[in-house]
1. Answer yes if at least one residue in the range 112-121 is surrounded by fewer than 14 Cβ atoms within 10 Å (Cβ to Cβ) and among the aliphatic types (A, V, I, L, M), and no otherwise.
2. When the residues of the range 380-392 are narrowed to those that are over 16 Å from LYS359 (Cα atoms) and away from ligand 2 (no atom under 16 Å from the Cβ), which ends up surrounded by the fewest Cβ atoms within 10 Å (Cβ to Cβ)?
3. For the range 297-346, which residues satisfy the criterion of being within 13 Å of PRO380 (Cα to Cα) and touching a Cys at 6+ places or on another chain (Cβ under 8 Å)?
4. Report yes if some residue within the range 345-354 is more than 16 Å from ligand 1 (Cβ to nearest atom), surrounded by fewer than 14 Cβ atoms within 10 Å (Cβ to Cβ) and more than 19 Å from ASN255 (Cα to Cα); otherwise report no.
5. Just for the range 111-122: of the residues that are touching a residue at least 24 places away in the same chain (Cβ under 8 Å) and in a loop (DSSP other than H, G, I, E, B), which one is farthest from ALA459 (Cα to Cα)?
6. Just the residues that are open to solvent by 40 Å² or more (accessible area, probe 1.4 Å) and without any contact (Cβ under 8 Å) to a residue 60 or more places away in the chain, please, taken from the range 407-422.
7. If I filter the range 308-329 for residues that are touching a strand residue (DSSP E or B) at 6+ places or on another chain (Cβ under 6 Å), crowded, with 21+ Cβ neighbours inside 10 Å and either free of Cβ contacts under 8 Å to residues at least 60 places away in the same chain or in a helix (DSSP H, G or I) (or both), do I get at least one hit?
8. Which of (1) open to solvent by 50 Å² or more (accessible area, probe 1.4 Å); (2) more than 18 Å from LEU260 (Cα to Cα); (3) more than 14 Å from ligand 1 (Cβ to nearest atom) does PRO425 not meet, given it meets every other one?
Amino acid sequence: MTGRIRVKQALAEGRAGQEFLLKGWVRSVRTGKGVTFIALNDGSSLAGIQVVAEPELPNFDEVSRLGTGAAIAVGGVLQESPAAGQALELKALRVEVVGEADPEYPMQKKRHSFEFLRTIAHLRLRSNTFGAVFRVRSALAQEVHRFFAERGFLYVHTPIITANDCEGAGELFRVTTLDLAKPPLVNGEIDFSEDFFGRATGLTVSGQLEGELFAQAFSDIYTFGPTFRAENSNTSRHAAEFWMIEPEMAFADLNDDADLAEAFMKRLCTFALNSCDEEMKFFNAQIDKGLIERIEGVATANFARMDYTEAIERLKKAPESFQFPVEWGLDLQSEHERYLTEQVVGGPVFIVNYPKDIKAFYMRMNDDGRTVAAMDLLVPKVGEIIGGSQREERLDRLTQRMIDTGIAPESLSWYLDTRRWGSTPHAGFGLGFERLIMYLTGMDNIRDVIPFPRTPKHAEF
Ligand code: 4AD
Ligand code: MG
């Protein structure tokens with residue numbers, strides 16, 4: 001018998017009569033007359049393999065008593081399966097119990113609620129749904145890198161610890177080695193000059209500012225990394241730690257930015273449909289009935305583009321009433337975003353040119369003096385999935401915007417320097433990776449598409 005192969009490969013390439021060594025975890029054990037059936041799964045695919053154990057097996061009794069969750073190694077021969085829904089099964093010649101499982105294993109039932117499974121995030125990985133979610137997540141992460149590599153984008157690792165608050169929203173988690181019980185004080189305020197970095201620092205809310213520096217040397221770049229926001233919003237779409245993909249292009253405007261975002265989204269949708277076929281069929285059947293059709297639609301659609309001002313007019317004319325007010329100058333809430341993408345457009349839509357006062361300081365001022373060259377991509381079911389903009393490349397305008405929004409220009413002198421020497425029109429966006437996975441799997445809660453979710457009051461695993 002050769003070395004171990006994975007269940008996915010055995011099912012795809014194996015022929016009846018071939019011998020294989022498989023290793024994995026027991027999903028269920030069924031004992032009939034003189035025969036025991038074990039559903040074995042090793043995480044390589046949704047489908048497990050049925051192992052058939054018969055009394056000739058030297059440790060038949062031990063195998064028949066196996067608990068759900070146990071780890072086993074099975075050497076056996078593939079045979080055609082009489083059971084419905086599977087072409088092949090593995091007749092066991094040798095079974096080694098690698099790790100036993102007692103009857104307290106919490107995943108005994110076929111179906112548990114996602115809420116319950118969140119309380120056992122270390123074990124939920126062995127369920128069908130989470131197996132499928134995390135295989136899709138892994139495959140998509142790899143596709144993100146292929147997409148940008150093919151287009152000549154440089155992959156840059158921006159810092160996780162930073163002294164700047166890119167989005168200016170004050171949602172920074174503090175990083176410090178100061179003694180929290182008695183921090184050094186000057187005039188009643190904490191003196192961060194005594195801290196590890198000699199200044200106040202936190203976890204990054206975005207790699208964009210550093211990404212812009214790289215774009216001004218390498219033209220096209222992207223980041224893909226963990227992002228942290230101490231937003232106390234306990235919603236199904238917000239996590240305190242999430243992953244963001246942020247491309248940045250020099251010599252590019254808002255239209256180029258939207259074009260890239262559209263190509264990127266379509267590519268990821270097409271990839272999920274083609275390369276995660278087994279998982280997508282599962283999600284379509286078990287989680288969200290219209291999923292495949294919706295994603296096929298996005299993969300081939302032309303994404304609409306609509307001015308914020310028009311979006312406000314459409315919302316005001318809406319036959320339904322919203323919980324939050326609709327007024328030019330106010331930010332769009334999730335309910336408004338979903339109405340626009342689901343009811344008005346019926347597909348993905350870029351809302352562009354937002355009022356300057358509700359957007360970050362770095363966005364390029366439009367000629368009207370009231371709006372900035374911002375874009376949010378809204379998609380059905382999720383709402384905002386991408387946020388981006390053309391950046392203010394004019395030194396005087398940018399400096400003034402910083403002063404107006406209460407950011408001391410000296411504190412970001414390195415950022416302003418790029419506007420001094422060889423400044424270019426440039427643009428970029430951020431795609432929340434979990435929002436993408438929610439969108440592609442139909443999963444409703446961000447906590448169920450990230451391995452170990454960090455949300456207010458939750459960081460136990
Ligand atoms: O719109 P945001 O805040 O934009 C930025 O951070 C820019 N610096 C991006 C850029 O232009 N380079 O965030 C971008 C995306 C959102 O559209 C959303 O998908 C996701 O990041 N996001 C979150 N995802 C999960 N949990 C949160 N708390 C999120 N906040 C933002
Ligand atoms: Mg945003």
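1. No, the range 112-121 contains no residue that is surrounded by fewer than 14 Cβ atoms within 10 Å (Cβ to Cβ) and among the aliphatic types (A, V, I, L, M).
2. Here the answer is LYS381.
3. VAL298
4. At the first step, the residues of the range 345-354 found to be more than 16 Å from ligand 1 (Cβ to nearest atom) are 345-347.
In the following step, the residues that additionally are surrounded by fewer than 14 Cβ atoms within 10 Å (Cβ to Cβ) were identified as 346.
Okay, now just the ones that are also more than 19 Å from ASN255 (Cα to Cα), so 346.
Checked against the condition, which is being more than 16 Å from ligand 1 (Cβ to nearest atom), surrounded by fewer than 14 Cβ atoms within 10 Å (Cβ to Cβ) and more than 19 Å from ASN255 (Cα to Cα), the range 345-354 yields at least one hit.
5. Filtering the range 111-122 for residues that are touching a residue at least 24 places away in the same chain (Cβ under 8 Å) and in a loop (DSSP other than H, G, I, E, B), the one farthest from ALA459 (Cα to Cα) comes out as HIS122.
6. Result: ALA408, GLU410, SER413, ASP417, ARG420, TRP421.
7. Yes: the range 308-329 contains one or more residues that are touching a strand residue (DSSP E or B) at 6+ places or on another chain (Cβ under 6 Å), crowded, with 21+ Cβ neighbours inside 10 Å and either free of Cβ contacts under 8 Å to residues at least 60 places away in the same chain or in a helix (DSSP H, G or I) (or both).
8. (2)
The values are calculated or read from the model by the stated rules, or taken from the named source; none is laboratory data. Just so it is clear, the structure is predicted and the values come from calculations on it, not from any experiment. When we count neighbours, we look across all protein chains shown, and the Cβ atoms used for this are built from the backbone with ideal geometry, even at glycine. Just so you know, the surface numbers come from the protein's heavy atoms only, side chains and all, with ligands and any DNA or RNA stripped out. Shrake-Rupley method; radii C 1.70, N 1.55, O 1.52, S 1.80 Å.
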